[in-house]
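All remarks here apply to the structure that follows.
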Amino acid sequence: DEIGGKLGENLKTFADQGRQCYRLATMKTDIPLPFTLKDLAYEGYDFALANAFAQKYELKQFLSRLPVALKKGAPAPASLTSKTVASFKDIPLSSPLGLALDIDFDEYHDAPLAGIAVSLGEEVYYETREDLLKDAALQAALKDPVIAKNVYDGKATIYGLSREKIAIKGIQNDLLLAAYLMDSSVNSDPALVYSSFGIDIDLKDESEGLLESGHPAGTSRMAYYANHLVDKLTKSLQSVDAYKLYHDVEMPLMVVLAEMEIEGFPLHADKLKEFGKVFEEKKEAAAKEVYALAGHEVNLNSPKQLADLLYGEMKLAGPKDQSTSIEALSALQDENPIIEKILTYRKYAKLMGTYIDGLLPHIKADGKIHSYFNQAQTSTGRLSSSSPNLQNISAQDEEAKQIRQAFYYDDPSMGLLSLDYGQIELRIMAALSHCQAYIDVFASDRDVHTETAKKIFHTDEVTPLMRRRAKAVNFAIIYGTTDFGLAEQIGGTRQEAREIIKNFYLSYPEVGQFLNETTHDAETKGYVTTMFGRRRYLREVNDPNYAKREAARRAALNAPVQGSAADLIKIAMVQIHDFLIKNQCKTRLVLQIHDELIFAGPLDELKALEPKLADLMTHAVDLPVKLTVEPGLGKSWYDAKD
């Protein structure tokens, strides 16, 4: 009553509302709570869940920005101090050693080596490259196979030291490979790999001057924990049934791949440029034909200008989004002859970009390309190659295949042997599903596509069209293709495709049962496995989003087959490498492309070795299905595959 004016009036008018607001804004402290203060303590984040979140939403930098100190179960960061030394002459080097190169692991073929860190028990030492090259004691220890070494990336370590003419032997554990086997979605970045083990190596904590290089403190932490994480590494791998795969396959394969990278593959720039000249002429000829039909020049590399030409000026009835993609233009080929010329231009532009401009920069001073064979990158366990990607060289397009003529040795006595698994994924499917009818087809060397056609079309007279459709369904089953996808492949209706798939499962019921069990495993366990125990996690298999869920389920169907095929060829590579070394052969494994192995050596030795190497490949693993290998021998890669 003592407050007058508008304020007093409002207080009287809204008194009840004011009291209610006061009550709502007051923290109540007399409510019994169903938890204690201790229950609210933050215990850290789960790396597996954080990683799944990052992968789902493609957050490239998210994991690297998460503080490892807040990770669930992460130990308090140890205050490691490393001592920089000029020599290990007076420091006893005994097994096991933790090692880490101070190098850019993304570019270890060419990146400068700043130094090396060595962990001995609780002591860590750092030595610069200049001192390493003069240090006989450390070099002798690196070469000694009896002294066990634990490293971050064995392949990069072998290659990086080989550039300094230092051979390293005795690598026992590789953190990168272990992390990859535990979860193939973990990015192969040192900080993230160590983070997956609960360790923050923090390579970015060292402020360097303009004239300084290297990360001695971070590299020392890498070496220290490479040694001190071995027990955790072993237990973690055993917990996901991957230790045998790690110890018997991936670790020995790492050495094989390192030697392949060091060896390289010969590629003749002059021969490559000859092909480039032909491709460029054909590209320019196609461009001129486009200009003539259009009535003026247009930038054929500009989607907008091309769309304006085709859908604006020429009024072609294209898609609503006016796409100029290969698929969109291919659908318009009958509309106007200009489309064919544009597609021809694109073909030769792609050949130039992929095979000429894409390969020439990678030829080193020794006349070879030294591709990276990525062992810890794909989700299925397959190897990939990069810088350059040799898996890009088409085996289908005849003009692209010609490029392989540029891969050969100058020495006339040297040649190349190609050994390629035949229909390996279909055979693996037969083995995994224990489908006797499928197994019998391969055992009797009958054509699997013809036999499938007989069953699904209920006839002994198989036409070429029937065989093509049967081939499509054989692979559609492996890749989880829908009836809609199969209909597009065979040029039929969804009803036809659905009937073909139904008849396939009636003919090979065990395959259908295996695929159903695989989908069930993915949905209930969150992962599927290969016949050798490799896991592929599929976190979106129960996603509410239909497209994501179905993509994950298709991946689940394919992963055991493709992953088992990948494991099989890896096992064969290890066995063949051991055989060649044991028998002191001059022949070496130089390339792996999908299901194909390529060997380089004296032509007479290659010819003599061909049956034995093929036998090693077909009997690398004891399977219920017959495996075959298609051989090819020649002076160039083209000759070996033609």
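The values are calculated or read from the model by the stated rules, or taken from the named source; none is laboratory data. Predicted model, so just to flag it, every value in this text is computed and none were measured. As a convention, Cβ positions derive from the backbone with ideal geometry for all residues, glycine included, and neighbour counts pool all protein chains shown. For accessibility, only protein heavy atoms count, side chains too; no ligands or nucleic acids. Shrake-Rupley method; radii C 1.70, N 1.55, O 1.52, S 1.80 Å.
So, counting K/R as plus one and D/E as minus one, what does the shell of residues with Cβ under 13 Å around N392 add up to? Around N392, the charge tally is +1. With the cut-off at under 15 Å, measuring from each backbone N in the range 32-54 to a point 7 Å along the Cα-to-Cβ line of N545 picks out 52-54. Measuring between their Cα centroids, the range 32-46 and the range 564-578 lie 50 Å from each other. With all protein chains in place and ligands, DNA and RNA left out, the 1.4 Å accessible area ranks K368, K165, K232 as K165, K232, K368, largest first.
Figure note: F88, F14 ranked by solvent-accessible area, largest first, 1.4 Å probe, ligands and nucleic acids not counted: F14, F88. Proximity of backbone amide H atoms, modeled 1.01 Å from N, is registered between L591 and I598 at under 5 Å, excluding neighbours fewer than 5 places apart on the same chain. Could you work out the relative contact order of the chain, using alpha carbon pairs under 8 angstrom and six or more residues apart, expressed as a whole percent? 12 percent.
Per residue, the accessible area of the chain comes to 50 Å², computed with a 1.4 Å probe over protein heavy atoms only.
With 0.36 nm allotted per residue and the present C-alpha distance subtracted, the I91-K586 stretch has 174.3 nm of extension available. Here the chain carries DSSP beta bridges of which approximately 80% are antiparallel, counting only pairs with both residues inside.
Applied to the range 424-441, the Karplus parametrisation 6.51 cos²θ - 1.76 cosθ + 1.60 on θ = phi - 60° returns per-residue 3J(HN,Hα) values of 5, 6, 5, 5, 5, 4, 4, 5, 5, 8, 6, 7, 5, 4, 5, 4, 4, 4 Hz, with x for Gly and Pro. Surface composition of the chain: carbon plus sulfur atoms contribute 52% of the solvent-accessible area (1.4 Å probe, protein chains only, all chains present).
Taking θ as phi - 60° and the Karplus parameters 6.51, -1.76 and 1.60, the scalar couplings of the range 628-639 work out to 10, 10, 9, x, x, 10, x, 6, 10, 4, 5, 4 Hz in sequence order, x denoting glycine and proline. The calculated 222 nm mean residue ellipticity attributable to helices in the chain amounts to -14500 deg cm²/dmol, summing -39500 (n - 2.57) over DSSP H runs of n ≥ 4 and dividing by all residues. Rolling a 1.4 Å probe over the protein chains gives S196 an accessible area of about 30 Å².
Take every pair of alpha-carbon atoms less than 8 Å apart whose residues are at least six positions apart; their mean separation over the length of the range 87-201 yields a relative contact order of 22 percent. Summing Lys and Arg as +1 and Asp and Glu as -1 over all other residues whose Cβ lies under 13 Å from the Cβ of K12 gives a net charge of -2. Each residue of the range 549-564 was assigned a 3J(HN,Hα) from its phi angle through the Karplus curve 6.51 cos²θ - 1.76 cosθ + 1.60 (θ = phi - 60°); the sequence is 5, 5, 5, 5, 5, 5, 5, 5, 5, 7, 4, x, 6, 5, x, 5 Hz, with glycine and proline shown as x. For the listed residue pairs K143/K570; K273/K341; K271/K635; K244/K582; K273/K350, the alpha carbons are over 21 angstrom apart in K143/K570; K273/K341; K244/K582. Annotation: amide H of G415 within the under-5 Å range of G601, L603, sequence separation 5 or more or interchain, hydrogens built in the peptide plane.
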